[in-house]
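A short reminder: the numbers here are calculations on the coordinates, not readings from a lab. As the structure is a computational prediction, the values presented were derived from the model and not from experiment. All Cβ positions, glycine included, derive from the backbone under ideal geometry; neighbour counts span all protein chains shown.
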Amino acid sequence: MIKKLLIANRGEIAIRVIRAAKELGIKTVAIYSEADKDCLHTMLADEKICIGPGPATESYLSIPSIISACEATGADAVHPGYGFLSENSYFAEVCEACGIIFVGPSKESIEKMGDKIEAKKIAKKAGVPVVPGIEESVKNPDDIALIKEIKKIGFPVIIKAAMGGGGKGMRIVNSEESLRIALLTAMEESKKAFGSDKIYVEKYIEEPKHVEIQILADKKGNVVYFPERDCSIQRRHQKLIEESPCSVVNEHLRKKIGRAATKLAEEIGYYSAGTVEFIMDKKGNFYFMEMNTRIQVEHPVTEAISLIKGKRALDLVKEQILIASGEKLRFDADDISICGHAIECRINAEDPDKDFLPSPGKIESVTFPGGNGVRVDTHIYAGYTIPTFYDSLIAKLIVIGTNRQEAIRRMLRALDEFKINGIKTTIPFHKRVLQTQAFIEGDVTTNFLHKYIYEQA
Amino acid sequence: MANINDIQQYIDFLSTTDIEELEITAPDGEVILLKRKPGIQYSGSIKKQQSLGETESQIKQESTKEEQKDKKEFVITSPMVGKFLLSISKDHPPFIVEGAQIKQGQKVAVIETMKILRDVVSPQDGVVKKILVEDSKFVEYGQPLIVLEEVK
């Protein structure tokens, strides 16, 4: 069993991991940058160590500094959280070489799923449906055979960066005329943003749902899947609201998607927590998009609705730590059932009235929501100044209701109670979405904001 | 509330005299305390203070800095998290000892991180007053390592 866990992250996810470790009786070490000396995660861990100045490249992304911090504090394991080094296979490799347990999958799994073209090939091989698209990455946008292949897929198509993620470097093309320029621009952009001009082309599914499957797998080859999450409310491919279960997925479809995710995990010998993302059309056809080889921001939604052998006992981060320690999963997919409906709103320090412009600054005062069925994962407090170096996520508000309608009403009630003074937040935006008739009726696709929110504005 | 221009007038007035301290009570009860810094002429950079308490605490902070300046000490901090090494190996003499005189740019210690050695160099001339960290101990980023005293 792990004895001392260093959390190579900051803010709410660092706190989430510290809490899980404490409940497991594991000592915790917080790392922090100079800009984060007042961040709540440094106050909740058993020990803390400053590893560098504000910019992430010199602190939270500095592998030598983090390994050194492990040595200095005697930590025998590292939890990478999400973002930063969580999907960096080299970091996983260095940890292993230094005898430090990396609380995540193997470096091979990270590598395989990190390259989106490779991941798609593996999914196809495992029998998981994939979006129709070209087989190889684009090398020459003027290649006649390539243009022919793309035409065969049928417009509209979407161009994606192989090394991309988080929605960056994507481009939709509606006709053959604009294809060549789009390919060239996408290659150029990808090179700048991800250091590789490797791009690929897929059929563009119109008004799809983003549905994803949380999995857990141990080092003995056991894989379990959880009920799907619907993360269709996105702005520029960034998720803003997540819910579970998805309102249009029935028990039969749930099993089908869950088994597809399981097959992919088995194919690559995956262990730890992971998420397989699918895109789903109106007919319930689903296609593999990518796999995230880390714990995700929206994991509490799954924790809220999953029952294991009839008990509300799921803590995905604890499971991750236990798996990393070599423990075997104590349940299988058939032991999991759904209880109620959960929604998560990501509260960002952004001004929704000014095109979601980041709004860092000092939080003068804050009142947190509470009551039945409400969970708040956050690192903010009254008097805390949000640094400008990092992500704008300041809180995750999660509610659980007996059904979707109750969950929506509960979320609106909780958003009303949540008062943050001093900075602009996305709370008013969430209230607006949750009161939209289409959302209430479950007409939720990745085009939602464009269709119902911004056109009205 | 006192006008910033009014305060500037008081400052200008003070600079023509040798008065050390000036306390002004405004009709609304607000108190402004102006105090001459030792050896420093008044300029327009004095900040307006809302209360006497704040003014005093600011002056106190400034005077602490003054004391440090009198001793002319400065601290070298760690450029990264890692193991603090005073010599290349046990067989070698340490880079510095307390009381030694060192030059600007001179290597004073090494921080080891994952078998990578990073030199800690002195930003200026001085005498090593105190080595704050034991050899081979881990240090965090920004941790004070060595106190130097300026050469007179």
Which FRET efficiency value, to the nearest 0.05, do you get for residue A:247 and residue A:416 by plugging their Cβ-Cβ distance into 1/(1 + (r/R0)^6) with R0 = 22 Å? 0.40
Placing unit charges on C-beta atoms (Lys and Arg positive, Asp and Glu negative, everything else neutral), compute the dipole magnitude of the protein assembly as shown about its Cα centre in debye, rounded to 20. 1700
Tell me, what is the Rg over Rh of the stretch A:334-379, with Rh the Kirkwood radius over Cα pairs? 1.12
Taking the Cα centre of the stretch A:1-128 as the origin, how large is its charge dipole in debye, to the nearest 20, when only Lys and Arg (+1) and Asp and Glu (-1) carry charge on their Cβ atoms? 540
Using the charge dipole of the protein assembly as shown (Lys, Arg: +1 at Cβ; Asp, Glu: -1 at Cβ; taken about the Cα centre), state which of A:101, A:43, A:274 has its Cα farthest towards the positive end. A:274
Going by Cα centres, the stretch A:223-289 and the stretch A:396-454 are how many Å apart? 22
Net charge of neighbours whose Cβ lies under 14 Å from the Cβ of residue A:137, counting Lys and Arg as +1 and Asp and Glu as -1: -1
Options A:249, A:134, A:428, ranked by Cα towards positive dipole end of chain A, top entry (Cβ charges): A:249
If you plug each phi of the stretch A:121-135 into the Karplus form 6.51 cos²θ - 1.76 cosθ + 1.60 with θ = phi - 60°, what whole-Hz ³J(HN,Hα) values come out, in order, with x for Gly and Pro? 4, 5, 4, 4, 4, 7, x, 8, x, 10, 5, x, x, 6, 6
Convex hull of Cα atoms in chain A, direction-averaged projection (nm²): 20.6
Which whole-number percent is the relative contact order of the stretch A:4-103 (Cα, under 8 Å, 6+ apart)? 29
Going down the list A:116/A:239; A:160/A:354; A:4/A:255; A:48/A:424; A:112/A:198, which pairs span over 26 Å between their C-alpha atoms? A:160/A:354; A:4/A:255; A:48/A:424
Peptides A:286-296, A:240-250: what's the order by average Cβ count within 10 Å, highest mean first? A:286-296, A:240-250
What Kirkwood hydrodynamic radius, in Å, does the stretch A:4-103 give when the mean of 1/r is taken over all pairs of distinct Cα atoms and then inverted? 12.9
Add -39500 (n - 2.57) for each DSSP H run of 4 or more in chain A, then divide by its residues: what number comes out at 222 nm, to the nearest 500 deg cm²/dmol? -9000 deg cm²/dmol
Using the Cα centre of the stretch A:311-397 as the reference point, and only Cβ charges (+1 on K/R, -1 on D/E), how large is the resulting charge dipole? Debye, rounded to the nearest 20. 300
In whole angstrom, the spacing between the Cα centers of the stretch A:159-208 and the stretch A:1-49 equals 38
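Run the numbers on chain A and let me know its relative contact order in percent, using alpha-carbon pairs under 8 Å that are six or more apart. Each step should come with its number before you reach the end.
Numbers: 1000 pairs, mean separation 65.2, N = 457.
Contact order relative to length: 14 percent.
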Farthest toward positive dipole pole in the stretch A:4-103 [+1 Lys/Arg, -1 Asp/Glu at C-beta], among A:66, A:80, A:18: A:18
For residue A:124, counting only aspartates and glutamates whose alpha-carbon sits under 15 Å away and dropping same-chain residues fewer than eight positions off, the answer is A:115, A:135, A:136, A:202, A:266, A:267, A:277, A:290
Rounded to whole Hz, the Karplus (6.51, -1.76, 1.60) HN-Hα couplings of the stretch A:336-346, x for glycine and proline: 9, 10, 9, 10, x, 9, 10, 10, 10, 10, 8
Can you say what percent of the DSSP beta bridges in chain A, counting only those with both residues inside, are antiparallel? Round to 5. 80
